[in-house]
Amino acid sequence: MAYELSGSIQATLTTNLVDTSTDDEESAFASIAFTIPATTQIANGSGANQASGQYTANGTLEDEAAVSFDFSGALTDVFGQTITWTKLKLLMISNEGTDSSLKITGNLWENIAGNVSPSQLDINPGSMYCQTWLDANGEPIVGAANDVITLTHASDGSADITYRIIALGS
């Protein structure tokens, strides 16, 4: 079965910074508003701004439980096809829990984080991590045990964590 990936990634950040200052001589009011829109079209393929497949998963983790995702041929897409990517183009992980951090670790995460110590990212409740590698090289998936991302429920809260992971690759 052949299929094509098409779509776009769109993010908009809008902020409004307001400063009110008062001194003995005069009052001042300043307001600065700006919007940074960012849209990237993703075409089917393996070059720049291209991906050939997607992986999505969500689940629930109890206190101190963990789940691992091996991107070197151990995952399947929504059509049941084995994912055989050689490069990651987008990774989004969200913590939809309310009172505990979600820890990201694993060999692939160490590569993404630049092999700095500690190579762990804590995603706070209600937060997400998202990164793209939309150049032709992407984030390399090299095979073996080097392509694992592990999500762990931190023991800093009592409620279960619902996570979501979305990845694009080629």
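Every number in this text was worked out from the coordinates using simple rules, so none of it is lab data. Model, not experiment: these values are computed from the prediction. A quick note on method: Cβ atoms are made from the backbone with ideal geometry, for glycine too, and the neighbour counts reach across all protein chains shown.
Worth pointing out:
- 3J(HN,Hα) from dihedral phi, the stretch 63-71, Karplus parametrisation 6.51/-1.76/1.60, rounded to Hz, x for glycine, proline: 3, 6, 7, 9, 9, 10, 10, 9, 7
- Net charge contributed by nearby residues that have their C-beta within less than 11 Å of Asp156 (K/R +1, D/E -1): -3
- Listed peptides 54-61, 147-154 appear in the order 147-154, 54-61 once ranked by packing, highest mean of other Cβ atoms within 10 Å at the front.
- With R₀ fixed at 30 Å, the C-beta to C-beta distance from Ser127 to Val78 puts the FRET efficiency at about 0.70.
- Inter-centroid distance (Cα atoms) of the stretch 46-113 relative to the stretch 126-170, Å: 4 Å
- Under-5 Å amide H pairs with Asn49, H placed in peptide plane, nonlocal only: Asp135
- Cut-off under 5 Å, modelled amide H: who pairs with Gly106 long-range: Thr150
- Charges were assigned to the Cβ only: +1 to each Lys and Arg, -1 to each Asp and Glu. The resulting dipole of the stretch 57-135 about its Cα centre is roughly 360 debye.
- Residues whose placed amide H lies under 5 Å from that of Asp156, excluding near-sequence neighbours: Ser101
- Each residue of the stretch 78-87 is assigned a 3J(HN,Hα), and the resulting list reads 5, 9, x, 8, 5, 7, 10, 6, 10, 8 Hz, derived from the Karplus form 6.51 cos²θ - 1.76 cosθ + 1.60 (θ = phi - 60°), x at Gly and Pro.
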